[in-house]
Amino acid sequence: MYILEMLCWKGRVHASPKDAVEENEDASRWKTREVQDSSSARPHDQGAFFGINARWLDAQGAWQEDKRGLITFVFLGLMYAWQYMMLYRILIPELGILFSGIDENGFPLSMEGYIFIPLTGMVWVAFNFLFFKFLWRWIRLEIFVQRRIVVRFNRVTRQVHINRPVYAGGVVTLSWDATVPEMSGGDPGSVSGDGRLMLAWPSHYSGAGFDDLCMIGGALADRGSAEELWEYIRRYMEEGPDAVPQPARLRSMFPWPWDSVRSTLSFLVPSWRTGDKGLVLTVALILSPLLLLHSICHWLSLLLCWPTRWSGIIKSAGLPGAAVPRLTVAEDFGVEVARKLRASTIKVVDEPDDPAGLHRAKSSSEFDSE
């Protein structure tokens, strides 16, 4: 599911300058760590990568990708009820009766039939109109959209490319040197299952005119796992592929059914590692029908999507003689969207009378008024 990515993008393109000030009052945490700073002595891939070579490293960029399936279940259920049962089994046969004027028993169609059948057709049309007008944007959170959100780290051009659906911002190219890592989760070794690695590109460092962020990998074991994942990416970009071990397991771009089963069971992993394994097995057995249904819907959601594709210039970036992709700026999204993006960014200034060197956030409107 790409709901987090969609909401973040919608929040940026619809936020007013006043909203930006209220939501981003404390910007002192930005840029507390440079990309050259090591975070762990042991880099680890954490199963977050799709591919790696001498030029680029492709990573999973959707935090809640393992949770997909519910929307697919609802969509397929509605399509079965309204397209198969309502249209194919009821409406089409009744339209034949309406045009022939003879009901299923061979008698002339009554006046109620001439009224009821068109009403049934109008109900079907109204449902489809409302469904595709108001619910289609939510359906496309996990089906009829690109299959994965992929983040490509190109060490030759020192750029980061994020490939998202158009409704979540589309493909953007950002500077590696403007990357700000943020690791969170339980204490290292706790295996709490709440580890997160977030990469951010604040506008006042990237110069893009908009703030961007993405989550790398899924839910990790703990903060230590997030630090190891960041260290793997950092060493690859700063020192090269020989500075990191080969990933223990690369994620597949193809939707294999066993990957969906693994994703469905991922929420049990922290309890399996830290708790009573017998209890975990019991819970899994009790929930097995739901887990099986979730796995099937997760797999179907992937099958109903198309592979993530890169443009030619990003594919060839870093090759001898190849063009270097241009960094994305706010104006690439259009004049009106750019204005809103720039209005909602965080602007950080040093307080001259602040002995601790803290920062505070300003919106674009505050700077324009000075």
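For K315, the conditions (1) within 19 Å of T157 (Cα to Cα); (2) over 20 Å from the mean Cα position of the chain (by Cα); (3) not in a helix (DSSP H, G or I); (4) not aromatic (F, W, Y) all hold with the exception of (3). When the residues of the range 325-349 are filtered to those that are of a type in the set (D, E, K, R) and not in a helix (DSSP H, G or I), the one that is nearest to S175 (Cα to Cα) is R326. One residue is enough: does the range 164-185 have a residue meeting the conditions open to solvent by less than 50 Å² (accessible area, probe 1.4 Å), in a strand (DSSP E or B), in contact with a helix residue (DSSP H, G or I) (Cβ under 9 Å, 6 or more places away or on another chain) and of a type in the set (D, E, K, R)? The answer is no; no qualifying residue exists. Per the listing L285, L281, L268, L302, the residue uniquely without any contact (Cβ under 8 Å) to a residue 24 or more places away in the chain, in a helix (DSSP H, G or I), hydrophobic (A, V, I, L, M, F, W, C) and under 30 Å from L57 (Cβ atoms) is L268. Of note, K67 does not satisfy the criterion of being more than 30 Å from M215 (Cβ to Cβ) and open to solvent by 80 Å² or more (accessible area, probe 1.4 Å). Annotation note: of T72, T120, the sole residue that is part of a helix (DSSP H, G or I), in contact (Cβ under 8 Å) with a residue 60 or more places away in the chain and of a type in the set (V, I, T) is T72. Against the test of being open to solvent by 80 Å² or more (accessible area, probe 1.4 Å), more than 30 Å from A323 (Cβ to Cβ) and not aliphatic (A, V, I, L, M), the options F116, F144, F131 yield a single qualifying residue, F116.
Residues in the range 194-213 that are in a loop (DSSP other than H, G, I, E, B) and farther than 21 Å from I233 by Cβ: 3 in all. The combined condition, being of a type in the set (D, E) and more than 27 Å from D58 (Cβ to Cβ), is not fulfilled by D259. Of the set (1) without any contact (Cβ under 8 Å) to a residue 24 or more places away in the chain; (2) open to solvent by less than 80 Å² (accessible area, probe 1.4 Å); (3) farther than 29 Å from V172 by Cβ, all apply to A322 but (3). Condition check for W256 on (1) under 30 Å from G170 (Cβ atoms); (2) in contact (Cβ under 8 Å) with a residue 12 or more places away in the chain: one failure, at (2).
Within the range 12-45, can you find the residues that are at pLDDT 75 or above and either open to solvent by less than 40 Å² (accessible area, probe 1.4 Å) or in contact with a strand residue (DSSP E or B) (Cβ under 6 Å, 6 or more places away or on another chain) (or both)?
Listed by number, the residues that qualify are R12, V13, S40, P43, D45.
Put simply, of G195, G209 the only residue that is in contact with a Lys or Arg (Cβ under 9 Å, 6 or more places away or on another chain), at pLDDT below 90 and surrounded by 18 or more Cβ atoms within 10 Å (Cβ to Cβ) is G195.
The values are calculated or read from the model by the stated rules, or taken from the named source; none is laboratory data. Treat the numbers as computed from the prediction; the structure is a model and nothing was measured. Using ideal geometry, Cβ is built from the backbone for each residue, glycine included, and neighbour counts are taken over all protein chains shown. Each accessible area value is taken on the protein alone, full model and side chains, heavy atoms only, with ligands, DNA and RNA left out. Shrake-Rupley method; radii C 1.70, N 1.55, O 1.52, S 1.80 Å.
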